[in-house]
Amino acid sequence: MEKLVSLAKRRGFVFQSSEIYGGLGSVWDYGPLGVELKKNIKERWWRSMVHEREDIEGLDAAILMHPKVWEASGHVAGFTDPLVDCKHCKNRFRADDPRIKGTPGQPDGQCPACGTKGTLTAPRQFNLMFKTFMGPVEEDAAVIFMRPETAQGIYVNYLNVLQSSRQKVPFGIAQIGKAFRNEITPGNFIFRTREFEQMEMQFFVKPGSDGEWFEFWRAERMKWIQGLGIRQEKLRWHQHGKTELAHYAKDAYDIEYEFPFGWNEFEGIHNRGDFDLSRHQEYSGKKLDYLDTTTNERFVPNVVETSAGADRTTLVVLCDAYREEAVRGEEGEGKEEQRVVLKLKPELAPLKAAVFPLVNKDGMPDVARRVYDDLRKRFNVFYDDGGSIGRRYRRQDEAGTPFGITIDGQTSQDQTVTVRDRDTLLQVRVATGQLVSHLEDRLRG
Ligand code: GAP
């Protein structure tokens, strides 16, 4: 994992937030390549959920919501983790932290940080929602929360979307947006952070058909993830047991990936029954039922939710693409050397190609600039004239750039350039006038 974190910083994927001030715990910033990678993943999700389906509408609800929303959703009462404090060193831990020896609150309970026995408090519930104040007065009546999930913005807009879009049940609402949780055991890079992005879709169905739609969405989501190019053997399902189920869920499956730190969830598919709409109906006093005009039946729709983390999915994509391999040197001598390469699916790669003049003379930089300017109108491309060509290839391998385009001595004679494939290292010569269509074809494939 350290190697991936170091590559992510070196190549501009992810930086620690506020690094010059010593960093802010479990908050991360996306650099020039990271923002492109995450955007490509989000765009692919949006396309498959909203643009390619006539039964799903998009939404962008505000992060701040009426505080009653979080009472209705169950987050005020139930979105908690049991925590213990050490009275000696003042550190705080989750009660189920495997490093704790003995029983917290008892004389044998031992603090995992300072090692003192008997100083751990008995577990207390700690709410994971971030609080802030609305308006100029910092008083209890002005407390609001930073949303811990995007789903609630969908439920409270369900009628607005239904009526304005003229959809009929079954139909869905999809949203991508930030969520905040004051996680106590955050960590593992961008796996568990305090500020993160979710890609959630709530599908509203007639009660009784929820089981069928649940299976439908499980299959769809797995297909989508496989479409990101993730290795099949690194993916598995985990069904929640009775004690694991969230307060709203009738049934739930996680999609897990084998990260370098073990198998962990990065997406959940949940059968939420009518919990959410019924609770909002009760707490708001507004009717949220649906009239099926073909059968004249009225019902509160059930919800099947697909909930993915954009950051965790980005981490899955990065972990899965990361390879260290031996290659024959590309600088002429054919020596074996080690390279680090991100074998990202070309569609997801932040940069689609990099343009290199072989040397900075003989008119090569002028031609290379023209090629670069031409390609830039169509793709996100990079220009690099610094260092040996082997070094430049290696930098782009680490960035996951699928194609390297080199302008060399032959270019001025026949107007062709070499196109190097990141994965096979094979080079083909392509006429400069054909480059755009050549890349389009290969990026599609
Ligand atoms: N609306 C349902 C819901 O929020 P969840 O299992 O709590 O369900 C869904 O979260 C997804 O959101 C997770 O699978 C994960 O990808 C992402 N996620 C949750 N907490 C996160 C955190 N602290 N950091 C990064 N991603 C997180």
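The values are calculated or read from the model by the stated rules, or taken from the named source; none is laboratory data. Please read all numbers here as calculations on a predicted model, not as lab measurements. Backbone-built Cβ (ideal geometry, glycine too); neighbour counts: all protein chains shown. Remember, those area values only see protein heavy atoms, side chains included, never the ligands or the DNA or RNA. Shrake-Rupley method; radii C 1.70, N 1.55, O 1.52, S 1.80 Å.
Does the range 356-403 come out rounded, prolate or oblate, given a ≥ b ≥ c as the square roots of the eigenvalues of its C-alpha gyration tensor, rounded meaning a/c under 1.5 and, failing that, prolate meaning a/b above b/c?
Oblate is the answer for the range 356-403, as a/c is 1.5 or above yet b/c matches or exceeds a/b.
Here is the tail figure for the chain: Cα pairs spaced more than 29 Å apart come to 57 percent of all pairs.
Using a simple charge model, +1 on the beta-carbon of Lys and Arg, -1 on the beta-carbon of Asp and Glu, nothing else, what dipole does the chain show about its Cα centre, in debye to the nearest 20?
About 540 debye.
Relative to the Cα centre, what is the charge dipole magnitude of the range 1-122, using +1 at the beta carbon of each Lys and Arg, -1 at the beta carbon of each Asp and Glu, and rounding to the nearest 20 debye? Walk me through the numbers before you get to the answer.
Values: 18 positive and 16 negative charges, 132 e Å.
Value, rounded to 20: 640 debye.
Based on the alpha-carbon gyration tensor of the range 107-192 and its eigenvalue square roots a ≥ b ≥ c, which shape applies: rounded if a/c is under 1.5, prolate if not and a/b is larger than b/c, or oblate? Because a/c hits 1.5 or more and a/b exceeds b/c, the range 107-192 counts as prolate. The local environment of V436, defined by Cβ-Cβ distances under 15 Å, has a net charge of +3 under the rule Lys, Arg +1 and Asp, Glu -1. Simple spin-label estimate for D373 and R391 gives 2.8 nm between the two label positions (7 Å along the Cα-to-Cβ direction from each Cα). Orientation-averaged projection of the range 242-385 equals 16.8 nm² [convex hull of Cα atoms, one quarter of hull surface area].
Ellipticity at 222 nm from helices only: DSSP H runs of n ≥ 4 in the chain, each -39500 (n - 2.57), divided by the residue count, give -8000 deg cm²/dmol. The modelled label-to-label distance for the pair A326/D108, using points 7 Å beyond Cα in the direction of Cβ, is 5.3 nm.
Geometric descriptor of the range 359-445, per residue, is 92 Å³ (volume of the convex hull of the Cα atoms). When cysteine pairs in the chain are screened for C-beta atoms closer than 4.7 angstrom, the residues that find no partner are C319. Extension gain for Q226-E71 works out to 52.1 nm (0.36 nm per residue, less the C-alpha to C-alpha distance).
Report Rg/Rh for the range 275-349, rounded to two decimals, where Rg is the Cα radius of gyration and Rh the Kirkwood radius. Don't skip to the answer; put the middle values down first.
On the way: Rg = 26.6 Å, Rh = 18.0 Å.
Ratio of gyration radius to Kirkwood radius for the range 275-349: 1.48.
Which lysines, if any, have their Cα less than 16 Å from the Cα of K250, not counting same-chain residues under 8 positions apart? Candidates past the 8-residue exclusion: K206, K242. The spacing between the range 122-138 and the range 151-184, judged by their C-alpha centroids, is 24 Å. A simple spin-label model places pseudo-atoms 7 Å from Cα toward Cβ; at D29 and S164 they are separated by 3.4 nm. Dimensions of the range 29-141 based on its C-alpha atoms, expressed as ranges along the principal axes with the largest first, amount to 61, 39, 29 Å. Over 26 Å between Cα atoms: which of K9/K101; K42/K352; K9/K343; K3/K345 fall into that group? Listed pairs above 26 Å: K9/K101. With a ≥ b ≥ c the root eigenvalues of the C-alpha gyration tensor of the range 136-231, is it rounded (a/c under 1.5), prolate (a/b larger than b/c) or oblate? Taking the square roots of the gyration eigenvalues as a ≥ b ≥ c, the range 136-231 is oblate. For D55, the solvent-accessible surface with a 1.4 Å probe is about 30 Å², rounded to the nearest 10.
In the chain, taking the dipole from charged Cβ atoms about the Cα centre, the farthest positive-side position among L351, P104, Y290 is held by P104. Taking 0.36 nm per residue of separation and subtracting the current Cα-Cα distance, fully stretching the chain between T294 and L425 would add 41.1 nm. Count charges around R53 for me, please; just the other residues with Cβ under 12 Å from its Cβ, Lys/Arg as +1, Asp/Glu as -1. It works out to a net charge of -4.
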